[in-house]
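**Q** Sharing a structure with you now.
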Amino acid sequence: MQIQDGARDTGSPILEPEVGDSQSSFHSTDMTPATDASISTMLDKLKTALCSEKTEGLLEAHNDLAEAHVALENKVRYLEGKITDNEERDRRNNIRIRGIPENVGPQDLPQFVQKLFKSMIPTLTEADL
């Protein structure tokens with residue numbers, strides 16, 4: 001090999017593959033049975049590994065969703081209990097007044113109740129009502 005202008009000469013026949021050999025080795029469709037079996041085995045292992053990874057990911061996502069579902073169910077039960085408790089408290093805090101006629105509408109109810117209480121307890125002042 002000669003060095004010209006600081007670069008190597010790459011024209012050596014040892015370093016260059018023959019064009020016919022490289023094309024025939026790369027484009028050959030005749031594989032040996034051992035090579036075919038080896039490639040099939042490698043592909044099967046690759047498919048198994050990919051399926052295993054996907055399955056692990058799906059299992060992890062499923063477990064996360066199942067935990068979130070249980071947490072939400074618990075929260076719903078807690079909130080339903082709170083709503084029931086508040087509804088019962090509201091009913092206990094309501095005042096029941098008997099003797100109000102059906103013809104008294106919601107707009108007339110405050111004045112009617114004041115008159116009723118004044119007639120029942122004459123010592124009540126306006127501030128007490």
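**Q** Just checking, which of 93, 86, 103, 74 is at pLDDT 95 or above and either at negative phi or surrounded by 10 or more Cβ atoms within 10 Å (Cβ to Cβ) (or both)?
**A** 74
**Q** Further, regarding this structure: How many residues are farther than 15 Å from residue 100 by Cβ and of a type in the set (A, V, I, L, M) if we restrict to the stretch 110-127?
**A** 3
**Q** Tell me which of these residue 27 doesn't satisfy, since it passes every other one: (1) modelled with pLDDT of 85 or more; (2) more than 39 Å from the chain's Cα centre (by Cα).
**A** All conditions are met except number (1).
**Q** Answer yes if at least one residue in the stretch 31-52 is surrounded by 10 or more Cβ atoms within 10 Å (Cβ to Cβ), at pLDDT below 90 and not in a helix (DSSP H, G or I), and no otherwise.
**A** Yes, the stretch 31-52 contains a residue that is surrounded by 10 or more Cβ atoms within 10 Å (Cβ to Cβ), at pLDDT below 90 and not in a helix (DSSP H, G or I).
The values are calculated or read from the model by the stated rules, or taken from the named source; none is laboratory data. Keep in mind that what you see is a predicted model, and the values were worked out from it rather than measured. Cβ: placed from backbone, ideal geometry, glycine included. Neighbour counts: every protein chain shown.
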